[in-house]
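Enquirer: Would you mind keeping the following structure in view while I ask a few things?
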Amino acid sequence: MPTPPRIALADDQALVRAGLRALLQGQGIAIAVEADDGASLLAQLAGTPVDVVLSDIRMPGMDGIDALLALRARGDRTPVLLLTTFDDSDLLLRATAAGAQGFLLKDAAPEDLRDAIVRLAAGGTLLQPVSTDPVRARYRFHDEAAPAAAFSPREVAILRLLAGGYSNKEIARSLFLAEGTVKNYVSAILDKLGTRDRTRAVLKAITLRVI
């Protein structure tokens, strides 16, 4: 039988943490680290490795996304699952760009939360589609042209997966392509959009209604 995942749990509300702790421990998930903000989470993770970090997005001081960015900056690739009470497209796009492997609303069913943790611990992701309208309102490239007709259906499919935060390996598996083929597609997409950055390419593709 597989060993249950060990997680770090971060939430600034003590009652929420207690509820999540009881819920997850009842499902066989071990809580190795518990923190009430991002700074405390980072300090504890420095000495206590875990399989998954489960963190609220909105916390005072260093929030979940800032903590995620700090983790990645110091080379910690531990999968991060972010929880939020807000179905906020901008937050979810920021989380994806920062390197989160997944996010869930706090009203998700208990079994969905456990399944998400197990999935991330096994190397998977849980990145759901988000509304693109706020992105179009925030990022504008009116002086640049990249008509949707310039992109093949395969390139559009790959752009949509890039928007979901998927790696080249995950895209290859999803589309039944070789990873090298996906890398070539991504390079062509970045060239067409005039950027070398995947996140900016996605934002630009959304704004220009390529996806």
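The values are calculated or read from the model by the stated rules, or taken from the named source; none is laboratory data. Values in this document were obtained by computation on a predicted structure and should not be read as measured data. Note: ideal-geometry Cβ built from the backbone for every residue, glycine included; neighbour counts use all protein chains shown.
Per-residue answers, yes or no, for (1) at pLDDT below 90; (2) not charged (D, E, K, R):
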{"site": "Ala43", "(1), (2)": "no, yes"}
{"site": "Asp51", "(1), (2)": "no, no"}
{"site": "Ala73", "(1), (2)": "yes, yes"}
{"site": "Thr84", "(1), (2)": "yes, yes"}
{"site": "Asp90", "(1), (2)": "yes, no"}
{"site": "Thr96", "(1), (2)": "yes, yes"}
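Enquirer: Could I ask something else about it? If Arg74 meets every condition in (1) surrounded by 15 or more Cβ atoms within 10 Å (Cβ to Cβ); (2) within 19 Å of the chain's Cα centre (by Cα) apart from one, which number is that one?
Expert: Among (1) surrounded by 15 or more Cβ atoms within 10 Å (Cβ to Cβ); (2) within 19 Å of the chain's Cα centre (by Cα), the lone unmet condition for Arg74 is (1).
Enquirer: For residues in region 1-17 being of a type in the set (Gly, Ala, Ser) and surrounded by 13 or more Cβ atoms within 10 Å (Cβ to Cβ), which is farthest from Ala46 (Cα to Cα)? Walk me through it before giving the result.
Expert: From region 1-17, those of a type in the set (Gly, Ala, Ser) are 8, 10, 14; that's our starting set.
Now restrict to residues that are surrounded by 13 or more Cβ atoms within 10 Å (Cβ to Cβ): 8, 10.
Numbers: Ala8: 12, Ala10: 15 Å.
Ranking the candidates gives Ala10 first.
Enquirer: Given the criterion assigned by TED's automatic domain parsing to the domain that holds Ala116 and either within 18 Å of Gly165 (Cα to Cα) or surrounded by fewer than 20 Cβ atoms within 10 Å (Cβ to Cβ) (or both), identify the matching residue among Ala46, Ala35.
Expert: On inspection, the qualifying residue turns out to be Ala46.
Enquirer: On to the next question. Would you confirm whether any residue within region 131-140 is under 17 Å from Ala201 (Cβ atoms), surrounded by 18 or more Cβ atoms within 10 Å (Cβ to Cβ) and at pLDDT below 65?
Expert: yes
Enquirer: Which of the residues belonging to region 5-62 are polar (S, T, N, Q) and more than 15 Å from Leu113 (Cβ to Cβ)?
Expert: Gln13, Ser40, Gln44, Thr48
Enquirer: Restricting the first residue to region 38-58 and requiring it to be part of a helix (DSSP H, G or I), which pairs with a second residue that is of a type in the set (Val, Ile, Thr) meet a Cβ separation below 8 Å and a spacing of at least six or different chains?
Expert: Leu41/Val33; Leu41/Val53; Gln44/Val33; Leu45/Val33; Leu45/Val53; Leu45/Thr78
Enquirer: Looking only at residues that are assigned to a helix (DSSP H, G or I) and surrounded by fewer than 17 Cβ atoms within 10 Å (Cβ to Cβ) in region 141-156, which one is modelled with the lowest pLDDT?
Expert: This residue is Ala148.
Enquirer: Being out of contact with any helix residue (DSSP H, G or I) (no Cβ under 7 Å at 6 or more places or on another chain) and either modelled with pLDDT under 80 or not β-branched (Val, Ile, Thr) (or both) is the filter here, so list the residues in region 115-130 that pass it.
Expert: The answer is Asp115, Ala116, Arg119, Leu120, Ala121, Ala122, Gly123, Gly124, Gln128, Pro129.
Enquirer: Just name the residue that is surrounded by the fewest Cβ atoms within 10 Å (Cβ to Cβ) out of those in region 165-200 that are among the hydrophobic types (A, V, I, L, M, F, W, C) and within 20 Å of Ala97 (Cβ to Cβ).
Expert: Leu190
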